[in-house]
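The structure appears below as structure tokens.
The values are calculated or read from the model by the stated rules, or taken from the named source; none is laboratory data. Since the structure is predicted, the reported quantities are computational estimates derived from the model, not experimental observations. For neighbour counting, all protein chains shown are included, and Cβ atoms are generated from backbone atoms with ideal geometry for every residue, glycine included. Side chains included, ligands, DNA and RNA excluded: accessible areas come from the protein's heavy atoms. Shrake-Rupley method; radii C 1.70, N 1.55, O 1.52, S 1.80 Å.
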Amino acid sequence: MDSKEAGSLLDNLIAAFNGRIAELQDLVIARNMYPASCLPDLSAVDASLKAMELQVQAIKNQLREEAEAIPKAKKLIEASLKQQKRLESMSLHVPSYYQILPERVSALNLNTSLCSEAKKSGAELGSREAENAISILPKEKKGSSAPLWYITTDELNSLSSYMRGRLTVDKVNAAVNDMATYAEANAQLIVVPKKKLAENLWEKALELRDIAATDAVKGKYFFLETDMRGPSLKLDNTGKAILTVLRHLGRISETRIGHQRVILLLKPS
């Protein structure tokens with residue numbers, strides 16, 4: 001090794017020592033800048049960081065659970081939408097005559113008290129007259145309402161086109177609702193005591209009682225031709241056509257008592 005190479009190696013060694021000394025000096029300066037009093041603060045920062053890490057981990061777990069629940073929620077939504085469509089389709093195809101009219105609801109509410117009302121009226125009408133009022137009530141009535149014997153599409157189609165005309169099942173069955181309402185109203189008038197009736201109804205109540213006591217009508221629901229005032233069954237050409245259809249299908253029969261045309265509700269055979 002010549003003198004030049006030896007000098008170069010020595011210079012490198014001196015430079016390495018000088019660099020190491022500079023690093024040691026920097027470390028001493030840094031130690032003096034952060035005395036031991038800063039250690040509690042650093043510990044608090046470390047604890048806060050660990051708490052934040054736990055919160056972040058909890059959030060990740062929650063997000064993972066919600067992500068796993070998304071497929072189940074989608075299936076539930078799909079099932080709900082299918083059920084909604086099914087119910088909407090059913091509501092569109094429900095015949096309108098299954099919707100009970102407000103007038104019929106009122107009659108149903110009053111109907112349950114008919115027999116008890118007839119018994120209570122014994123003191124006013126006389127015991128024999130009260131018994132007669134009860135005996136002429138329709139046999140079907142045992143706290144129930146007037147029957148609704150609707151017709152079917154097949155029954156209507158079985159009639160001649162001339163007889164059917166432009167009538168539909170919904171229109172005919174809406175009239176069936178009206179007839180039941182008329183019949184219930186008449187049954188109520190038969191048994192209600194005089195003091196609970198308006199003066200203008202007492203004459204009709206007596207007339208209905210006489211009609212209900214006849215052999216042709218006794219024990220049956222009935223209404224008068226003059227009762228046909230709607231909303232679906234009226235004394236017009238359409239109403240007469242509906243009565244003709246119902247008579248041919250065995251839902252009603254007709255008789256004349258005095259000057260009144262009486263329509264009886266019949267159970268289809």
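For region 237-245, does any single residue satisfy the condition of being open to solvent by less than 10 Å² (accessible area, probe 1.4 Å), in contact with a helix residue (DSSP H, G or I) (Cβ under 7 Å, 6 or more places away or on another chain), within 25 Å of residue 162 (Cα to Cα) and β-branched (Val, Ile, Thr)?
Checked region 237-245: at least one residue is open to solvent by less than 10 Å² (accessible area, probe 1.4 Å), in contact with a helix residue (DSSP H, G or I) (Cβ under 7 Å, 6 or more places away or on another chain), within 25 Å of residue 162 (Cα to Cα) and β-branched (Val, Ile, Thr).
With respect to residue 103, determine if the residue is modelled with pLDDT of 75 or more and of a type in the set (Asp, Glu).
Here the answer is no, as residue 103 does not meet what is asked.
So, in region 168-183, of the ones that are polar (S, T, N, Q) and part of a helix (DSSP H, G or I), which residue ends up surrounded by the most Cβ atoms within 10 Å (Cβ to Cβ)?
The selected residue is 181.
Look through region 196-234, keep the residues that are under 37 Å from the mean Cα position of the chain (by Cα) and among the polar types (S, T, N, Q), and return whichever of them is farthest from residue 174 (Cα to Cα).
Residue satisfying both the conditions and the ranking: 226.
Counting only residues that are modelled with pLDDT under 70 and of a type in the set (Ser, Thr, Tyr), which one in region 69-96 is nearest to the chain's Cα centre (by Cα)?
91
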